[in-house]
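Student: Attaching a single structure in C-alpha cells format; questions to follow.
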C-alpha cells in the first residue's frame, strides 16, 4: 500500500522525536554526570572536586566550633607551635628596625595574629595571606579564609607556580576580581608608586601533584562525630536510668476523688528520704526503667584512641590517662613532640617568607632615594620559635656538659683542634653554629679568669630530666 503525503510527513517528524527519547532513556548516568562542572578544567587530576573540598572545609570549621575534642586538638598544635613565642633577628640595622616597625604596627600586630594563622592552617590545611603595601613600603598582612577561595590557577606545566587566586562569587553572583600571586621577579610599584595587592598560599597535608592542602581534622571528623554521639547516648541513658514514677493505689468513690488526690500529690510531692504514713486503703509503688546498659567504657576508649592516633597525640593529651606510669607517658610524647617540631619548622618558614617579601617591597619603595636608613632586600632574616618542651633543654644541657669534659681532655692531649671541639659541643647541645665565626670572635674576646676555665663534667647527684633540679643519689 502506497503511503500518502501526510503519512510520510508524520513518519519523518515522529522518527526524530522517538530517537531522542530512546537515547535519553538508555543513557547511563555516571558520577561525572552529576558533578559536571564541579571540577575546574585546570585542576590537577588528583585534586578534590570543588563541592567536596568546600564541604570538607565547612565540616572542619563546624567541628572546631562545636566539638571540644576538635577544638582542643587545634589548640594543642597552636600552643606548641606559637605558644612559646616567635622572634626574629637580622644583622642589618636598618632592616632590623623596619622589621620591628612592621611586627608591631597597629594594623599588623603579628604577635596577636600568629595564633589565628596557625589555627587556620591546622583547621583548613591552607593559609592564604593577602599582602598590601602602601607607597612608603609598609606592608600589611591579612588572612583570607580558605572557604573564600574558589580556584587556584597555576601554570599548566607546574602546580607549584601559582598565577592567581580566584575568590568565590559575590552574593549577586558576579565574579570577583582575582588576586594575583606574588611573583618576586615581577613585583614592583607602578608609575604612581603603588604596589598591587598580592596573595601568598601555604599548604600542609598536601598530596604530591595537588594544589590544595587538607585539614588535620579531616581524617577525624567521622570519629569525632561517632564519639560525640556515643557520649550523648550514654548521658541520656544514665539520666533515664535514675528516673522513677510513684504509683498510688487506693479505693476512690469516683473519678473526681482520684483527680483531687493526684493534684494534691503533684502539688506537694514527697521529698527523698521522707516518711509516708498510709492506711490499708492506699499503697505506694515505684516504677523504674530497667535498662540493661553494660559498661561501655571500652567502646568509648577505642573511639578516642582512633581520634588520638589520627591527631598524632597521646591519650593523656586528651584528658584520658591511659597509663599511670610516667615512663609510658614520656615515651608516648616523643613522636608527638617530633610532629610539633616539624609543624613549627614549617610555620617559621612561613613567617620568614612573609618578612622577606615585606623587606623586598620596602627596598623597592625606597628605590634610589638619597638618605640613610635604607633596608637591604637581600638581608638574612632568621626566625626562631619557642622550645617545645623544657625537658629538651635539660637533656641537651646535660649532654653538652658531659661531652665538654670528654672533648676537653682530647683537646688538652692535642688529639683534636679547637674547630672539632666546637663542632662536637654545639652538635650535642642541639645548636647550629659557624665554627670559623666563633673562632674569630673568641680571638677578640678577653681571656677568661680562673673561674671561666672550668670545663664541664659529670654533675654531682641525680638530676631531674624534667625540671633540671638536682636530686639526691647518683645519676639517672
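The values are calculated or read from the model by the stated rules, or taken from the named source; none is laboratory data. On a predicted model such as this, the values are computed, not experimentally measured, just so you know. FYI the Cβ positions are ideal-geometry reconstructions off the backbone, even for glycines, and counts take in every protein chain you see.
Student: Any idea which of 196, 269 is over 29 Å from residue 310 (Cα atoms) and assigned by TED's automatic domain parsing to the domain that holds residue 121?
Tutor: Just a single option satisfies the conditions, and that option is 196.
Student: Which members of the range 409-441 meet the condition of being crowded, with 16+ Cβ neighbours inside 10 Å and in contact (Cβ under 8 Å) with a residue 24 or more places away in the chain?
Tutor: Across the range 409-441, the qualifying residues are 425, 428, 429.
Student: Scan 214, 232 and give me the residue that is without any contact (Cβ under 8 Å) to a residue 60 or more places away in the chain and out of contact with any helix residue (DSSP H, G or I) (no Cβ under 7 Å at 6 or more places or on another chain).
Tutor: From the options 214, 232, the qualifying one is 232.
Student: Checking the condition part of a helix (DSSP H, G or I), modelled with pLDDT under 90, surrounded by 18 or more Cβ atoms within 10 Å (Cβ to Cβ) and in contact with a strand residue (DSSP E or B) (Cβ under 7 Å, 6 or more places away or on another chain), which residue from 398, 355 passes?
Tutor: So the residue among 398, 355 that is part of a helix (DSSP H, G or I), modelled with pLDDT under 90, surrounded by 18 or more Cβ atoms within 10 Å (Cβ to Cβ) and in contact with a strand residue (DSSP E or B) (Cβ under 7 Å, 6 or more places away or on another chain) is 398.
Student: Count, please, the residues in the range 43-91 that happen to be under 27 Å from residue 388 (Cβ atoms) and either part of a loop (DSSP other than H, G, I, E, B) or not assigned by TED's automatic domain parsing to the domain that holds residue 139 (or both).
Tutor: Going through the range 43-91 one residue at a time, the tally reaches 6.
Student: Now a separate question. Run down 185, 127, 121 and say which single residue is within 22 Å of residue 349 (Cα to Cα) and either without any contact (Cβ under 8 Å) to a residue 12 or more places away in the chain or not assigned by TED's automatic domain parsing to the domain that holds residue 215 (or both).
Tutor: 185
Student: While we're looking at this one, here's another question. Identify all residues within the range 185-199 that are within 31 Å of the chain's Cα centre (by Cα) and either at pLDDT below 90 or crowded, with 19+ Cβ neighbours inside 10 Å (or both); write none if there are none.
Tutor: 187, 198, 199 - these are the residues of the range 185-199 that are within 31 Å of the chain's Cα centre (by Cα) and either at pLDDT below 90 or crowded, with 19+ Cβ neighbours inside 10 Å (or both).
Student: Taking the condition in the same structural domain as residue 111 (by TED's automatic domain parsing), touching a strand residue (DSSP E or B) at 6+ places or on another chain (Cβ under 9 Å), part of a helix (DSSP H, G or I) and at pLDDT 80 or above, does residue 382 pass?
Tutor: no
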